[in-house]
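Enquirer: Please find one structure pasted underneath; my questions will follow.
Every number in this text was worked out from the coordinates using simple rules, so none of it is lab data. If you're wondering where the values come from, they're calculated on a predicted model, not measured in any experiment. No Cβ is skipped: glycine too gets one built from the backbone with ideal geometry, and neighbour counts run over all protein chains shown.
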């Protein structure tokens with residue numbers, strides 16, 4: 001079946017370092033969404049990318065959608081302790097349901 | 001605007017019992033989706049309801065069911081609970097059907113003993 005994979009599963013960084021998580025789909029996606037879940041919290045929508053090669057920025061966060069619309073990345077510049085959490089990508093299946101990646105858990109050491 | 005609410009927040013049940021979880025979407029949102037979150041399997045889609053009709057279903061056994069009311073509130077039911085059903089059950093609402101931006105509730109933490 002259709003799969004959405006994320007790497008790495010875990011990432012520990014020193015505060016101030018950059019961080020990147022990668023998302024790969026087994027099929028072409030009509031869009032890709034990114035969510036953040038803080039420890040003990042629930043997923044919160046960050047952004048949706050729709051166009052091939054699209055790049056969007058939110059302050060220190062940069063999101064990219066691959067040219068083939070099968071992969072995406074989230075890059076955080078100069079991480080802060082407030083960036084701690086699990087970042088999920090999600091893409092629609094051919095039946096319309098949203099398939100989430102396993103997530104990348106980010107730990108930031110102050 | 002009030003967010004998505006879920007009740008109860010925590011629940012402890014024993015094997016064989018059944019459970020009903022409730023979700024109230026954001027006002028004006030007509031789509032409600034349910035997800036199961038476990039450390040091993042991540043976020044798994046259960047089903048989506050829109051205008052009181054199930055529009056999409058994940059790969060879960062028939063013990064998992066749901067419904068949506070005319071006011072868009074939704075319930076999900078799990079019968080004959082198994083230990084493996086212990087999880088965080090998340091409800092998410094959206095203003096339209098399909099794979100749009102999901103607004104998640106705080107979840108119901110279900111523990112099956």
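Enquirer: Restricting attention to segment A:20-58, which residues are farther than 17 Å from residue A:71 by Cα, surrounded by 19 or more Cβ atoms within 10 Å (Cβ to Cβ) and in contact (Cβ under 8 Å) with a residue 12 or more places away in the chain?
Expert: Answer for segment A:20-58, where residues must be farther than 17 Å from residue A:71 by Cα, surrounded by 19 or more Cβ atoms within 10 Å (Cβ to Cβ) and in contact (Cβ under 8 Å) with a residue 12 or more places away in the chain: A:36, A:37, A:43.
Enquirer: For segment A:43-59, state whether one or more residues are outside any strand (DSSP E or B), within 14 Å of chain B (Cβ to nearest Cβ) and closer than 22 Å to residue A:95 by Cβ.
Expert: Yes, because at least one residue in segment A:43-59 is outside any strand (DSSP E or B), within 14 Å of chain B (Cβ to nearest Cβ) and closer than 22 Å to residue A:95 by Cβ.
Enquirer: Looking for something in contact (Cβ under 8 Å) with a residue 60 or more places away in the chain, assigned to a strand (DSSP E or B) and surrounded by fewer than 20 Cβ atoms within 10 Å (Cβ to Cβ) - is there at least one such residue anywhere in segment A:98-108?
Expert: Yes, segment A:98-108 contains at least one residue that is in contact (Cβ under 8 Å) with a residue 60 or more places away in the chain, assigned to a strand (DSSP E or B) and surrounded by fewer than 20 Cβ atoms within 10 Å (Cβ to Cβ).
Enquirer: Another question about this same structure. Output the residues belonging to segment B:68-113 that are more than 9 Å from chain A (Cβ to nearest Cβ), assigned to a strand (DSSP E or B) and closer than 14 Å to residue B:28 by Cβ.
Expert: Across segment B:68-113, the qualifying residues are B:93, B:94.
Enquirer: Test residue B:50 against the criterion of being under 20 Å from residue A:97 (Cα atoms), touching a residue at least 24 places away in the same chain (Cβ under 8 Å), more than 13 Å from the chain's Cα centre (by Cα) and surrounded by 14 or more Cβ atoms within 10 Å (Cβ to Cβ), and give yes or no.
Expert: Against the criterion (under 20 Å from residue A:97 (Cα atoms), touching a residue at least 24 places away in the same chain (Cβ under 8 Å), more than 13 Å from the chain's Cα centre (by Cα) and surrounded by 14 or more Cβ atoms within 10 Å (Cβ to Cβ)), residue B:50 qualifies.
Enquirer: Have a look at B:6, B:44 and point out the one that is at the interface with chain A (Cβ under 10 Å from one of its Cβ atoms) and under 28 Å from residue A:9 (Cα atoms).
Expert: B:44
Enquirer: Can you tell me which residues in segment A:59-97 are at positive phi and touching a residue at least 12 places away in the same chain (Cβ under 8 Å)?
Expert: Correct list: A:69, A:78, A:85.
Enquirer: Would you point out which residue out of A:33, A:64, A:11 is in a strand (DSSP E or B) and over 12 Å from the mean Cα position of the chain (by Cα)?
Expert: Answer to the selection: A:11.
Enquirer: Given the conditions (1) more than 9 Å from every other protein chain (Cβ to nearest Cβ); (2) part of a loop (DSSP other than H, G, I, E, B); (3) under 21 Å from residue A:100 (Cα atoms), which single one is not true for residue B:59?
Expert: Tallying (1) more than 9 Å from every other protein chain (Cβ to nearest Cβ); (2) part of a loop (DSSP other than H, G, I, E, B); (3) under 21 Å from residue A:100 (Cα atoms), residue B:59 fails exactly one: (1).
Enquirer: Residues of segment B:15-38 being more than 24 Å from residue B:56 (Cα to Cα) and either out of contact with any strand residue (DSSP E or B) (no Cβ under 7 Å at 6 or more places or on another chain) or within 14 Å of chain A (Cβ to nearest Cβ) (or both), which ones?
Expert: B:16, B:17
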